[in-house]
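*Asks:* Mind having a look at this structure? Questions to follow.
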Amino acid sequence: MATSWENLTSQVKTCKKCRLWKGAKHTVFGEGPRDARVMLVGQNPGEEEDKTGRPFVGRAGKFLNKILEENKIEREKLFITNIVKHKTPGNRKLKNDEIAACLPYFLEQIKMIKPKIIVLMGETARKTPRKRGIVYLETYHPAAAMRSGKMRKKFRDDFRSLKKLMIKI
Ligand code: URA
């Protein structure tokens, strides 16, 4: 368990609990205010995120930014992260042991940030355990939503609901 934010950041940065660190340039810890009211959670970084060390900066990230802007949600006010903090080789599917190894870091981030709302984007994020006192919104992963009309519509609607919820709580 981490004792402070700095400690958690450095634990994640130097993590070798699974094999993924070997093929990654950067660890993508996540970004945003330490006291964000809303957390957005994806699966794991892709190529662009690995290059820059920042979450959701590739194609899916650009689509996500567009949906946020449409709803006048400021990205800078959200804490954006992933369940797994490293990319996979060739963007392959995550293995269960990789998810299990990294999940405690996400749970620690929740404990320290204490968000009011968590948006779980995609199946990997949707499978994570829930904490009492937090409102969870489940939606598609932006990479899936940008490819299909039906999913795109639902994704848009979900972010509209997020905006309404942010005004309320
Ligand atoms: N897909 C994710 O799940 N997370 C990112 O940061 C980028 C793409």
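*Asks:* In this structure, does L103 turn out to be farther than 21 Å from F159 by Cβ and away from the ligand (no atom under 12 Å from the Cβ)? Can you show your working first?
*Replies:* Working: farther than 21 Å from F159 by Cβ: yes; away from the ligand (no atom under 12 Å from the Cβ): yes.
The answer is yes for L103.
*Asks:* Sticking with this one: If I go through region 125-144 residue by residue, how many of them are within 13 Å of the ligand (Cβ to nearest atom) and open to solvent by 60 Å² or more (accessible area, probe 1.4 Å)?
*Replies:* So the answer is 2.
Yes/no matrix, rows are residues, columns are (1) in contact with a helix residue (DSSP H, G or I) (Cβ under 9 Å, 6 or more places away or on another chain); (2) of a type in the set (S, T, N, Q); (3) near the ligand (Cβ under 9 Å from one of its atoms):
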{"residue": "K22", "(1), (2), (3)": "yes, no, no"}
{"residue": "A36", "(1), (2), (3)": "yes, no, no"}
{"residue": "G61", "(1), (2), (3)": "yes, no, yes"}
{"residue": "L78", "(1), (2), (3)": "yes, no, no"}
{"residue": "N82", "(1), (2), (3)": "yes, yes, yes"}
{"residue": "N96", "(1), (2), (3)": "no, yes, no"}
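*Asks:* Kindly indicate whether any position in region 2-12 is outside any helix (DSSP H, G or I) and closer than 23 Å to R130 by Cβ.
*Replies:* Yes, there is a match, as at least one residue in region 2-12 is outside any helix (DSSP H, G or I) and closer than 23 Å to R130 by Cβ.
The values are calculated or read from the model by the stated rules, or taken from the named source; none is laboratory data. What you see is a predicted model, and the numbers here were worked out from it, not measured in a lab. Don't worry about glycine lacking a Cβ; one is built from the backbone with ideal geometry, like all the others, and counts go over all protein chains shown. For the accessible areas, the whole protein counts, side chains as well, though only heavy atoms, and no ligand, DNA or RNA atoms are used. Shrake-Rupley method; radii C 1.70, N 1.55, O 1.52, S 1.80 Å.
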